[in-house]
Structures are given as structure tokens and as C-alpha cells.
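No lab work stands behind these numbers, since they all come straight from the coordinates. Not measured: the values here are computed from a predicted model. Every residue, glycine among them, receives a Cβ derived from its backbone with ideal geometry; neighbour counts consider all protein chains shown.
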Protein chains: 2
Amino acid sequence: MSDPTTPRLLRALSGETLDRPPIWFMRQAGRCLPEYRELRARAGDFISLAMNSEMAAEVTLQPMRRFAFDAAIVFADILLIPRALGQELWFEAGEGPRLGPLPAIEALRDQVQASTERLAPVGETIARVRAALEPERALIGFAGGPWTVATYMIEGRGSQREAARTFAYEHPEELDALLEVLVESTARYLVMQARAGAQALKIFESWAENLAEDVFERIVVRPHAAILEQVRAAGVTAPFIGFPRGAGALVEEYAEGTPVECVALDTQASAALGRRLQAQGKTIQGALDNLLLRAGGRALDARVEQLLNQWGEGAYVFNLGHGILQDTPIANIARVVERVTGQRVPQEFVA
Amino acid sequence: MSDPTTPRLLRALSGETLDRPPIWFMRQAGRCLPEYRELRARAGDFISLAMNSEMAAEVTLQPMRRFAFDAAIVFADILLIPRALGQELWFEAGEGPRLGPLPAIEALRDQVQASTERLAPVGETIARVRAALEPERALIGFAGGPWTVATYMIEGRGSQREAARTFAYEHPEELDALLEVLVESTARYLVMQARAGAQALKIFESWAENLAEDVFERIVVRPHAAILEQVRAAGVTAPFIGFPRGAGALVEEYAEGTPVECVALDTQASAALGRRLQAQGKTIQGALDNLLLRAGGRALDARVEQLLNQWGEGAYVFNLGHGILQDTPIANIARVVERVTGQRVPQEFVA
């Protein structure tokens, strides 16, 4: 058993079953808080905000002031890596990210070392947040999964992923080369984040859905395992949370094939699946429906109890199965945090 | 062991392991065949085609002339049920289906009996196809899963399903009432299809993805179990294929909770998951990636071998994990059918 002064999140990630699970929410920073929207309006575009350490630290800390979350997650974006590798990135209002043409693989490879340097502001954000955050609350660094990032780089936007999935079949060697560059850049980025103060590292493989098993093994499992190997080789011991969103039953292949300490489960995870992973020594995280968090009411209360009951007897991190939706009532977030932590949220933080 | 003159598909659905699995492809009728596109151009809109028994029978039979598929599936659409229940339905070119406002639940309930009568042309299509099809080839009837059909009825179109999933939380009683009407209408429709000559019945729950376990149980598993109960109560013994597409690990809860003879698996099904279902006495169907069928090449050949090897030692129906894509080369279809059946496709049918 770890030191009880260790942040609750890190105790859970080390495999400990706690009196109550730690709680944090994907996308807790940004999105639904009015103080975020106010700051965002001042910051200009999204990338300027993410690359401005002072403002990004403030956004990261905003939800921590309102709620007794056990962890903060640095405010950044999974597409900062392609940008740092030299692919043009911009955001269309109301439509999401757009990327310029995919550079040649050699050009990308040449930028790997420089990409880490260009991402230094994220390290500075982490250092600022860590300095401001209470010691019992952990700070999570993150990066996108190589496949998810590659789909954006190939398609130029977030969309059907059909073009990228077809690319995986028609150009397997080119894809493998791209994933290799992304693995190296991502590993270096995560090492930098850990050295700056991130105590846990999460890989968001947001588009692990609809992949055939052989493809999933090749483009998700192996790259994640390679990232962990490279990060560990650099001497970083921070625990990993792997999130192969939409992987369905392939989550079990993922858990077997990568040495992540924690597997984050999406909304459709079954109780039985989570318990099987716990029995295999994994901490699990998830999987409250973000639509239910927004809808609220008795159905929300009942589902929170169900999740606590079905997984709370093992190593478990309470979280959503997908990020908070923009129009989620703050009162609903407060209600769940209160139930899980047992700490009352002051009324002024609910409005 | 069943009578060896029984169609190969029905032997597999009865749990038999065969010298080679039966093969058919979702969306084999329509979509990618030039003779379909020609007929479609003459038929006018999609609904007119689906409700014209002579033309729908012809479309159903077209792929059977080219390829040694072991089963035909009646050419129809999952949205014929809401239309038969009185909700307006039309197709926007290039955009897919649109539905008018959702009628009141009482109005829908009043139409259940009439809906079966309005769907009589589908029965006639089935009778025509059965009369024309060789006895060793089976004919499959189908309907949409109540939840999938309900999402269209609620949202008025195929889209994000967010509105329908939110409806499931915010209006659980209204949704349950709608699902109950759809269960009854669907059961009657499937009974009608079986009596007209359909030898197996498939439920396409195309949008079983992203549902939390408790919701999945309530809006997918229970309605499917209720359909089976009502169809069996009417004396119909045709085997069922249940297809909860995108259900991920919840496929196992589905298999436990519904007495379908066969569980159709989507593209991301793992070998282990399929084998667990086979060990529990289910026949499985799937799960070739439709993008890979379109892409072709050595990757396609290799995956076909892998599927045959991983599941062929149990009760297995070879199929895709999702419907054929419109621009799939016919030569790729021919190649897979040849490999699975061992029968050469005549050259004139490949062009």
C-alpha cells in the first residue's frame, strides 16, 4: 500500500482500492464553465490559448477551484503535436480543427526533436499548475494516441475516419512510418510533461472505434506499447492511463498488449468487462455517460450509485466515458462530485 | 446434425459446424451492382422500389445470379415500419432518410395492426424470391431494431443519435412506450415475412453503439427478447440473427439476454469474443471490414484466411461487419466468395 499522503489518484493508479475512488472529469477544464468562456473570448483563437502558459494554467485550475476533483488535467490539445511537427493547424468556428496538407514523412521525421521544443509552453503550463495546486491533488499530462492524431493528419479534419481507415489498408507502410514518427514525438512530449510536473500521463486514443482486430493490434496496441517503452527508457515512472475509446471488446486485447497502469473505459463498458480488467491487475477509469451528466435527475443519481457499486471494490477512478458536453449544468457536476467525494460544494460554485 | 439437404445457412444457424461456412454479405442487394443502379434509375424513389414486389424481388435476386451466396436477404428498408405506422418518410438525394414529426404514441399504437397490412408488399417480395431461388439457398427476412428505428423516428433523420440518447434519459416512459409499439409492429412484420417464406429473420440494431450498460439492457436487449417471444408465440420457428452493431463488449450481455440463434458481430469483434459466444452455443456471423473488401489486395486475402481460421471450427456464417460500400469493386466480392465457397465465379459476372 502506498503512502496515504500520496494523492488519491496516484494511489488508485498504483492499484489500491480506496475508501472512495478519486474523481475527475474529462474536459473538466474549458467547455462548460462561464469563467472559461470569458477567458477564451479574451484569448482569441484556441491554439493561442493552449500555447499561452499563463492562460492555459488558469483554465486548468478553474474547475479545481469550484470542485473537489482529485486531479487536474493540463489544458492542451491532441493536435498540438502535428502542429509542432510542421503541419498547419487552425480551427474553423463551429466546425473544429483543420489541418493543412500532410508533410512528407522525412520532413516530419526531421522535426521530431524540434517538436518537443516547440511544445515547451505545455511544460510551462504544467509547472505553473503544479506550483499552484494543493499537494493532495494530482496533475495529469496527456497526448493523443498516434492513430487518432494520424487520422486528423491524413484527413485534414475530424470526420468519418473512413479515409484514414482505408489508408491503413492501402498504404500500410506509409501509415506505419507516420505512426513511428508520432510515437517518438509523443513519447518525448510525455517525458517533457512528466519532468515538468505531470504525475500521471494519459493517452487519448479517441478514435479506436470500428477497427478490425488485426488493424487495432497494429495501429493502436503496438504504438501505445512503444510509447510506454520509450517513456520508461527515459526514466519516467509516472503511471499511464490508456483510453482506447470505442474499442469495444478489443479493450481486453489492449489491456493485455500494453503495460498501462490504468485502462479508461468509455460509456458502453460493461460491469463485467471492468471487473475482468481489475482482476488482471489494471486500475480502471470511467464510464459515466456524458449525456446523462447533462440530463441529470434521478437517472444520474442511480447510475452514479451503480458505477460506485459495480467497480468500487477494486482499483477505480471515477470519471465520464467521454468528455463533458458544453451545455452541461454545473449543478449536475457539483452533485456527482459531492456524492463521490462526500464534500459539499459551496453554493457560490454551483451557479 | 440437421438434414444435409437443408440450406447451408440454416445448418449453421442451427449450431452446426460445417466443412465451410455459409457466406452472404450485408447490402449484397443494391448498392454496388450496375444492374441495380439501372433498375433503381427506372424505379424512381427508393421507397417505391422497396414497395414494388416485382422490382424488389429482382433486386434481391441480382447478386444471387452473380455469386454463389448461400443466402439472399429481402430488399427492403428498416424505415418501412415507421412509414407503415403513419410517420411520413422520404429520402433526400445524397442525404439519406427524412421523417416527419413523431406522431402521438396513441396514434402509433392504433396503427400496429394496419402497419402489418401496409407491409404486405414485402411479404409478396419474399414469396417471389423464394419461388425463384434454388432450394439450397436460404432467404432471410429482416427488420430494424426498435431502438434504431426509434432514433430515426425521434430525430427525424440519421444523425448523431445524441437527441435520441438524451430522450432515453429525459423521457424514459415515452421511449419505453414507443419501443413497445415498435416491438409489436416488428414482431408482426417478422411473422408475416416468415409465413411468406423467409427462413431466417435478422434484427438490424444498427445504432447499438455508445449506450451505457443499463440503457443498453433496457432499450436493446429487452425489446429484442420481447420480439422473439412474440414471434415464437405466433408459432414461427425460423432462427434469428441479432445484430447489435457497435455494442462492443455489451455483445456478451446481448447474447445472454436474448435467445437469438446467431449473433452478428461487427468489424471490431475480437477472435476471443466470437469464440466465447460459440462456446455458449451461439452461431456467430461476421466480421470482415467493409473498407477492406473495398480496398482489396493481399490484406483482404490475409484477413479472410484469418477469419476462416479463427471462427471456422465452430458454428459460423461468413459475412461483413457492416454493409457493402457502394464503390466496392465487384472483383473483390467475387474473390472472397470464391475463396469461401470454393466455387469459381464465371468471368462475365465479375465485370
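Key figures
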item: Local net charge near residue B:227, Cβ-Cβ under 12 Å (Lys/Arg +1, Asp/Glu -1); result: 0
item: Descending semi-axes in whole angstrom, ellipsoid equivalent of chain B, from the Cα gyration tensor; result: 30, 23, 20
item: Inter-probe distance in nm under a simple model that places probes 7 Å from Cα toward Cβ, at residue A:348 and residue B:162; result: 3.3 nm
item: Distances in nm from residue B:349 to the matching label points in the other copies, shortest first (labels 7 Å along Cα to Cβ); result: 6.9
item: Closest Cβ on chain B to the rotation axis that carries it onto A (distance rounded to whole Å); result: B:248, 1
item: Interchain or long-range residues, amide H under 5 Å from residue B:157's placed H; result: B:99
item: Hypothetical label at residue A:301: residues of region A:308-323 whose amide nitrogen lies under 18 Å (7 Å Cα-Cβ projection); result: A:308-309
item: Sites residue A:105 and residue A:232, calculated FRET efficiency, Cβ-Cβ separation with R0 30 Å, nearest 0.05; result: 0.70
item: 20 °C / 1.002 mPa s Stokes-Einstein diffusion coefficient of region A:50-193, Kirkwood radius on C-alpha pairs, µm²/s; result: 133 µm²/s
item: For region A:96-169: relative contact order, % (alpha-carbon pairs under 8 angstrom, 6 or more apart); result: 47 percent
item: Residue A:38 paired with residue B:325, simple spin-label distance in nm, labels 7 Å along Cα-to-beta-carbon; result: 4.8 nm
item: Relative contact order (percent, whole number), chain A, Cα cutoff 8 Å, 6+ residue spacing; result: 21 percent
item: Ascending list, in nanometres, of distances separating the residue A:121 label from those of the other copies (7 Å, Cα toward Cβ); result: 6.0
item: The protein assembly as shown: antiparallel DSSP beta bridges as a percent of all, rounded to 5; result: 15 percent
item: Those GluC sites (Glu not before Pro) in region B:256-351 that DSSP places in a loop and that have at most 11 other beta carbons within 10 Å; result: B:313
item: Between region B:130-191 and region B:60-100, the alpha-carbon center distance in angstrom; result: 13 Å
item: Counted charge near residue A:153, where neighbours are those whose Cβ lies closer than 13 Å (Asp, Glu -1; Lys, Arg +1); result: +1
item: Sites residue A:308 and residue B:174 - FRET efficiency at Förster radius 45 Å, r taken between beta-carbons, to 0.05; result: 0.95
item: 7 Å along Cα→Cβ, label-point gaps from residue B:176 to other copies, nm, shortest first; result: 5.4
item: For region A:238-308: span of alpha carbons on each principal axis (Å, largest first); result: 39, 26, 20
item: At least 30 Å along the helix axis (C-alpha) and Kyte average at least -1.0, DSSP helices within chain A; result: A:172-196
